[in-house]
1. So if R0 is 30 Å, what FRET efficiency would residue 131 and residue 166 give, r being the distance between their Cβ atoms, rounded to the nearest 0.05?
2. What span do the alpha-carbon atoms of region 1-92 cover on each of the three principal axes, reported in whole Å from largest to smallest?
3. Suppose R0 equals 25 Å; then what is the FRET efficiency for residue 109 and residue 35 from their Cβ-Cβ distance, rounded to the nearest 0.05?
4. When DSSP assigns beta bridges and you keep just the ones with both residues in region 1-147, what percent turn out antiparallel, to the nearest 5?
5. For the chain, with a Gaussian network of springs between Cα atoms less than 10 Å apart, report the residue from 161, 123, 69 with the top mean-square fluctuation.
6. Considering only 166, 112, 84, give the residue with the highest GNM mean-square fluctuation for the chain, with springs between Cα atoms whenever their separation is below 10 Å.
7. Given the rule -39500 (n - 2.57) for each run of at least 4 DSSP H residues, summed and divided by the residues of the chain, what is its mean residue ellipticity at 222 nm, to the nearest 500 deg cm²/dmol?
8. Given 56/115; 35/133; 25/173; 57/85; 134/173; 3/85, which pairs have Cα atoms separated by over 18 Å?
Amino acid sequence: MKKELLDLLKQKAYRKKEVRLSSGKVSDFYIDVRKVSLSSRGIYLISQLFFQHIVKKEAVAFGGPTLGADPIVGGVCFLAQSSNKDLPGFLIRKSPKKHGEQRLIEGPNLKNGSKVILCDDVATSGGSLLQAKKALDSEGVGVEEVMVVVDRDEGAREALAKAGCNLFSLFTKNDFLIK
């Protein structure tokens, strides 16, 4: 399953070209995981691999920053239900809604002291994941672990470790650059 996902990511998501990343850095390659996470086979594979890891944890919810986490959260929640596991999802906005309840964290009301797993599609510097963690911290919610499909190995692991979070990734940039 993992090899099939990597092959799919290499075919559909990996591009050898110069791009500016959300971190502001310029890179000579780009991995647009959404090209795969928004496909039926891709989200199935990502969800299966993430769920296999999540069931070993004691988290009460699973979520991450919008937009990269959106399909992953939906896929994992669907798979959890089909496995008779209660695992609600949540999404974290970049800024609170201007109307309604003006929430930053969408989904169930997470209880103070609860533990969650935070996810995203790609980690570079860890900036968006740290921002999401900060939003959860402000609600008294702890992050048990951070999961990503691809870690670009550009500082996210170290930045998250400083914030007390372990980073689990299915792949790193070396999986794409070697072979």
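Nothing in this text is a laboratory measurement; each read-out follows from the coordinates by a stated rule. Worth saying up front: this structure is predicted, and the values here are computed from it rather than measured. We place every Cβ from the backbone using ideal geometry, glycine too, and count neighbours over all the protein chains shown.
1. 0.95
2. 44, 28, 20
3. So the FRET efficiency works out to roughly 0.15.
4. Antiparallel bridges make up about 35 percent of those DSSP assigns within region 1-147.
5. Answer for the Gaussian network model of the chain: 161.
6. Greatest mean-square fluctuation among the candidates belongs to 84.
7. -10500 deg cm²/dmol
8. In this structure, 35/133; 134/173; 3/85 lie more than 18 Å apart at Cα.
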